[in-house]
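Taking it in order: structure first as structure tokens, then the write-up.
Just so it is clear, none of the values below were taken in a lab; they were calculated from the coordinates. These numbers come from a predicted model, not from an experiment. Cβ coordinates were reconstructed from backbone atoms using ideal geometry, including for glycine residues, and neighbour counts include every protein chain displayed.
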Amino acid sequence: MKTIRLLFVCMLVAIFAHAQDNVPPYVIDVEVTPPKFTAVKYTQANDDSSLKAYISQNFQSNGELTRVSEGTEVVQFVIDPEGRVSDITIVNSVSPEVDDMITAILEETDRMWIPGKNNGVPVAMEKELAIQVKLGMTESAAEKRDFTEIAEDHFTNGAEKLFFDQKTRKAKRSFETAIRYKPYDQGTLYMLALCEMDLGNKNEAQAYVDRIQKLGGNPEILEERLAQDIKNVGSYEQLSALFATK
């Protein structure tokens with residue numbers, strides 16, 4: 001049994017790495033210029049001011065968190081043809097406090113953007129930003145925190161809970177922790193969809209399926225490598241049906 005678990009864990013690690021390396025780029029057929037952050041309101045200058053640097057600087061002035069918060073915050077928002085920010089949505093949350101801080105900072109960047117263009121015409125465009133957050137710890141401690149390694153450990157633990165122990169709720173918690181660190185890992189997103197479906201939460205499972213498909217993912221990445229283990233989960237056929245509807 002220990003040998004089987006060891007082989008299974010090694011296989012999971014390989015799949016986790018494979019899913020991380022296979023996030024395809026978006027392909028658009030027309031000439032598109034994405035929105036450009038300028039850090040100065042109403043400017044028309046096309047400089048290379050860094051949005052991440054701006055957020056980092058403003059994070060420090062927004063007070064101290066009462067506990068350690070770490071993970072990869074992913075936020076989507078829309079830049080309209082006038083350079084205004086709207087429709088701010090948290091895709092991957094580190095904590096409610098971090099969500100509020102990021103949202104507030106992005107709201108302050110209203111009109112600090114040169115709008116995106118479609119064939120030379122300013123249009124509203126969605127942007128997505130991922131920010132590694134390591135708060136409430138010393139700089140030396142933060143440098144030692146490897147998000148890929150942490151996520152991999154939680155992913156493996158979740159898979160063991162799901163396939164060996166058949167404890168879906170505990171598996172889901174492990175996968176949720178893993179995705180907090182590596183939000184673009186399609187393998188973890190798939191496992192979360194499988195857990196939600198197994199728990200009877202079809203809408204939540206559908207949200208994960210939609211995210212995987214938006215990233216250009218293919219469920220066969222996992223299904224081919226863990227075919228029998230995944231198919232033994234009672235909700236496998238229902239989850240496959242969700243992918244088939246798109």
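Among the listed pairs Lys172/Lys214; Lys117/Lys202; Lys117/Lys182; Lys52/Lys172, which have their C-alpha atoms separated by more than 27 angstrom in this model? Don't skip to the answer; put the middle values down first.
Working: Lys172/Lys214 22 Å; Lys117/Lys202 37 Å; Lys117/Lys182 30 Å; Lys52/Lys172 31 Å.
From Lys172/Lys214; Lys117/Lys202; Lys117/Lys182; Lys52/Lys172, over 27 Å: Lys117/Lys202; Lys117/Lys182; Lys52/Lys172.
Ellipsoid semi-axes for the range 135-175, based on the Cα gyration tensor and the rule √(5λ), read 28, 10, 5 Å when sorted largest first. With q set to 0.22, 0.23 Å⁻¹, the log10 of I(q)/I(0) for the range 113-195, from the Debye formula over equal scatterers at the Cα positions, is -0.95, -1.00. Using the average count of surrounding beta-carbon atoms within 10 Å as a protection proxy, the listed peptides 134-144, 97-107, 82-92 rank, highest first, as 97-107, 82-92, 134-144.
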